[in-house]
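Notes for the one structure printed next.
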Amino acid sequence: MNPSDFANTIDRTTAMPARPISALGLFSGGLDSLVAVAMMRDLGITTKAVTFDSPFFNVSQTRQAAERLGVPLHVEDFGPTLIAIIQQPQHGFGAQLNPCIDCHIAMLRRTGELMETMGYDFIFSGEVLNQRPMSQNPAALRLIAQKCGYGPLLLRPLSAGLLEPTRPESLGWVPRERLGKIEGRSRREQLRLAEDYGIKIIPPVAGGCRLTEPNFARRLKDLKDHEGLRGMRAVHLLKIGRHLRLNQSTKLIVGRNERDNIELEGNAELYDLLLKPEAIPGPTGLVPITIRADALQQAAAICARYSDAESGQTVRIRIRSTQGLDYIETQPACPENVEPLLI
Ligand code: SF4
C-alpha cells in the first residue's frame, strides 16, 4: 500500500480506536520538538520520538534530550539517504548545503512508514509556520506534507491552529482548540510552553545540523565537486583538522591538535599516506597514495609550516603507507602560499 492510500483508509465515522491514541513524532531534541512532544503527551497521546542519525548531526544530544523528557526514542540511520539527497536535491539547497525540503520529506516519509509498521495512529513534527524562510513557509509545509505521502496524518501541533485541519483533528483524536497558533522566528511562545510543561533545559537556537554551517558546507561542496560524495569516511574526515586543496585530485588534511592527529591516524586506509615531521613537534597530514610527487613535496612543506620549525629550517617529514616508510626533506611553506589553499 502506498503511503497516501494508508492515510485514506481511515473511516471518519469509525476511526476512534478503543485504545489510547498514539503518535510518532519527528524529534531533533531542539526546543520546538521538545514542546511538540510535551504538548502531545499533555493531550493524552501515547508518544514515541523518532530521530535520524547522520554524519551531519550529533544524535547523542538528541538521546539526552529524549531521556530528560522521558520519551522513548527510535533512532534510524539516515546518512546514506541524506548523502543521496545532497547529490541532487529536487527542491534545492537553503543558504548553505542544507537540502531542508527534501530532507524533511524523506524523514517524514520514513516516520510515516514506521508509524504503519509500529502500529501508531498518526505522525507529528515540531515544524513552525514561517520560522524558516525556505522550508517552513506555507507553500513548503504543504509541499512537504504532500510529498512525504502522509499529509492527512501529519500534525504540526505548534502551528496547527493556523494550518488546514488534519485527520487527527477532524477525527477528534486531538482537540484542535488546544493546539498552538505559533508563527515566525520568535521563541517566546515555545519558551512559555516549555516552562508550563516543566522542561528545564532549553537547547540553544542553532539546530546543530552541520549542513547549515558555512565552513562545513564549503568543505562538503569541495568534496562533492572533486572526489565526490562516496562513502561515509570522506564525510567524517571533513570534521577533522585543516583541509587544503592542492590540485583537482588531491586534498591534504592536517591535524590542528593531538586529537585531530590521532583521529587522522586512526582513519587512514590502504590508499592513504600519513605525513609527520620527525624530531620536532608537528601535525599529522593525510593525503591519497595517488598524490603526484610535486604535490607530495608541497604537502610535506605545509606539514612543516604547521610544526614548531622556524622559517627556513630544514625539516625531515616521515611518510607512512602500507608499503612502509619514506622520508622527504623540506622547509616550512610560506603562510601566504598556504592560506589560499585552505578550504
Ligand atoms: S537542517 Fe539539516 S537535518 Fe534539518 S532539515 Fe535541514 S538538512 Fe535536514
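From the cross-link list LYS221/LYS276; LYS48/LYS181; LYS48/LYS224; LYS147/LYS200; LYS147/LYS221, which pairs have alpha carbons spaced over 32 Å apart? Present the calculation step by step, with values, prior to reporting the outcome.
Numbers: LYS221/LYS276 28 Å; LYS48/LYS181 23 Å; LYS48/LYS224 35 Å; LYS147/LYS200 35 Å; LYS147/LYS221 26 Å.
Where the Cα-Cα span goes over 32 Å, the pairs concerned are LYS48/LYS224; LYS147/LYS200.
Can you tell me which aspartates and glutamates have their Cα less than 19 Å from the Cα of LYS251? Leave out same-chain residues fewer than eight positions away.
The reachable aspartates and glutamates, counting only those whose Cα sits under 19 Å from LYS251, are ASP222, ASP225, GLU227, ASP260, GLU263, GLU265, GLU269, ASP272, ASP294, GLU336, GLU339.
Name the shape class, rounded, prolate or oblate, that the alpha-carbon gyration tensor gives for segment 258-334, where a ≥ b ≥ c are the square roots of its eigenvalues, rounded holds for a/c under 1.5, and otherwise prolate holds if a/b is larger than b/c and oblate otherwise.
Values: a/c = 1.92, a/b = 1.35, b/c = 1.43.
Note, shape of segment 258-334 comes out oblate.
Along the positive direction of the dipole of the chain (beta-carbon charges: Lys, Arg +1; Asp, Glu -1; about the Cα centre), which of PRO157, GLN136, MET107 reaches farthest?
PRO157
Two decimals, Cα atoms only, Kirkwood Rh: what is Rg/Rh over the chain?
Details: Rg = 25.0 Å, Rh = 22.6 Å.
Using Cα coordinates only, the ratio equals 1.10.
In percent, what relative contact order does the chain have, based on Cα pairs under 8 Å that are 6 or more apart in sequence?
Values: 586 pairs, mean separation 47.3, N = 343.
It comes to 14 percent, rounded to a whole number.
Could you work out [θ]222 nm for the chain from helices alone, using -39500 (n - 2.57) per DSSP H run of at least four and dividing by all its residues? Round to the nearest 500 deg cm²/dmol.
-10500 deg cm²/dmol
Have a look at the DSSP beta bridges in the chain and tell me what percent are antiparallel, nearest 5. Intermediate values should be presented prior to the final figure.
Numbers: 24 of 40 bridges.
Bridges in the chain are about 60 percent antiparallel.
So how strong a dipole does segment 240-341 carry about its Cα centre when Lys and Arg Cβ are +1 and Asp and Glu Cβ are -1, to the nearest 20 debye?
Computed about the Cα centre, the dipole is about 160 debye.
Relative contact order for segment 240-341: what percent, with Cα pairs under 8 Å and sequence separation of 6 or more?
Computed over segment 240-341, the figure is 24 percent.
Along the charge dipole of the chain, which of ALA194, PRO332, ASN98 sits closest to the positive end, that is, farthest toward it, with unit charges on the beta carbon of Lys, Arg, Asp and Glu (+1, +1, -1, -1)?
Value: ALA194.
Can you tell me the dipole magnitude for the chain around its Cα centre, using point charges on the Cβ only (Lys, Arg +1; Asp, Glu -1), in Debye to the nearest 20? Numbers along the way, then the final one.
Values: 40 positive and 38 negative charges, 113 e Å.
Its charge dipole is roughly 540 debye.
Where a number appears in this text, it was derived from the coordinates with a stated rule and is not lab data. Note that the structure is a prediction, hence the values are computed from the model and not measured. FYI the Cβ positions are ideal-geometry reconstructions off the backbone, even for glycines, and counts take in every protein chain you see.
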